[in-house]
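Remarks on the structure that follows.
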Amino acid sequence: MITRFAPSPTGHLHLGHVFAAQVAFERAQENGGEFLLRFEDIDHTRVREEFYDAIEEDLQWLGIHWQQKPWRQRERLPQYADALEILKSQGMVYPCFCSRKEIERELAELANAPQGPEGPLYPGTCRNISATDVSWKMQQREPAWRLDTRKAGQKLTFHDRLHGTIAVDPTLLGDVVLARKDIDTSYHLAVVVDDHAQNISLVTRGEDLLPSTHIHRILQDLLNFEEPDYEHHQLIRDETGERLAKRNRSLSIANLRQKGKSASEVLKMIAD
Ligand code: GLU
């Protein structure tokens, strides 16, 4: 078994992250497998250099260890570009020239805007632009690339250790962006390519990402990747049921360490 923890180096680790790291680490240990660390750093506008080391240091302090050198997604942009080329050649993605403002305007005008788990979805504006218009627009601005979910396989499933077998709903998140125009890739594309490249056999992550797995399963199918098993675990919440967010700096591991908490005390905070 190979598992991984994939934080973004955009801030210090907090208790919610540690819980996620701990689940991945424990599953690997329970099965005599391997645990990997991977940095999700494709969004260069949010990444800060000092957090790579800070995250590694906090994890090691907590007794969470890995053998292989952690991967950095920014070093793997050519691999994501290759995957995007395959999807282009399959006609499964289309260029989107809409700005955020244009999408908002369009949604406001629609009587029945498509809804996803977290609000309105992209209404498909650029799906049917003619080939001539596409080549003209390509000369004006760099497009984002969206998955054409209407063409996605209808009969896919994935297996989650806690939630059972789930039928993929291709339209759940709408035509998601697979390559942002500023970074040429996206979380969805990069995570699928890397989980495959690193032979991850069990993907553990928060249940807030369960909808994303529908997209990932479609991508695995299109790219001919084997499907991993999943465990979408609960998220750590405070006494009021509120999800612990990164914003809550008092719960960063760096802060707890500074206040004199021991590693076992910190681990106990997430065990309760
Ligand atoms: N960077 C994501 C997070 O911290 C991880 C996503 C994943 O494991 O697929 O929630």
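Summary table
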quantity	calculated
Given (1) open to solvent by 30 Å² or more (accessible area, probe 1.4 Å); (2) in contact (Cβ under 8 Å) with a residue 40 or more places away in the chain; (3) of a type in the set (A, V, I, L, M, F, W, C), index of the condition residue 144 fails	(1)
Scope the stretch 109-166; condition basic (Lys, Arg) and touching a strand residue (DSSP E or B) at 6+ places or on another chain (Cβ under 7 Å); matching residues	127, 146, 161
When residues of the stretch 23-43 are limited to those that are within 18 Å of the chain's Cα centre (by Cα) and assigned to a helix (DSSP H, G or I), the one farthest from residue 196 (Cα to Cα)	23
Residue 79 being more than 16 Å from the ligand (Cβ to nearest atom), within 17 Å of the chain's Cα centre (by Cα) and either open to solvent by less than 20 Å² (accessible area, probe 1.4 Å) or at pLDDT 95 or above (or both)	yes
From the options 265, 226, 231, residue that is closer than 30 Å to residue 121 by Cβ and open to solvent by 50 Å² or more (accessible area, probe 1.4 Å)	226
Among (1) at pLDDT 95 or above; (2) in a loop (DSSP other than H, G, I, E, B); (3) loosely packed, with under 12 Cβ neighbours inside 10 Å - the single one residue 122 does not satisfy	(3)
Criterion (open to solvent by 60 Å² or more (accessible area, probe 1.4 Å) and over 30 Å from residue 32 (Cβ atoms)) met by exactly one of 184, 175	184
Any hit, the stretch 251-269, residues being within 13 Å of the ligand (Cβ to nearest atom), in contact with a helix residue (DSSP H, G or I) (Cβ under 7 Å, 6 or more places away or on another chain) and either touching a residue at least 60 places away in the same chain (Cβ under 8 Å) or of a type in the set (A, V, I, L, M) (or both)	no
Test result for residue 152, under 15 Å from residue 178 (Cα atoms), open to solvent by less than 80 Å² (accessible area, probe 1.4 Å), in contact (Cβ under 8 Å) with a residue 60 or more places away in the chain and not aromatic (Phe, Trp, Tyr)	yes
Top-ranked residue in the stretch 5-20 [being within 10 Å of the ligand (Cβ to nearest atom) and out of contact with any helix residue (DSSP H, G or I) (no Cβ under 6 Å at 6 or more places or on another chain); ranked as nearest to residue 196 (Cα to Cα)]	6
Unique match (being within 15 Å of the ligand (Cβ to nearest atom), open to solvent by 30 Å² or more (accessible area, probe 1.4 Å) and closer than 21 Å to residue 266 by Cβ) among 27, 72	27
Residues of the stretch 1-22 that turn out to be in contact with a Phe, Trp or Tyr (Cβ under 6 Å, 6 or more places away or on another chain) and either modelled with pLDDT under 95 or assigned to a loop (DSSP other than H, G, I, E, B) (or both), as a count	1
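The values are calculated or read from the model by the stated rules, or taken from the named source; none is laboratory data. All values derive from a computational prediction rather than experimental measurement. Note that each Cβ is placed from the backbone with ideal geometry, even for glycine, and that neighbours are counted across all protein chains shown. Side chains included, ligands, DNA and RNA excluded: accessible areas come from the protein's heavy atoms. Shrake-Rupley method; radii C 1.70, N 1.55, O 1.52, S 1.80 Å.
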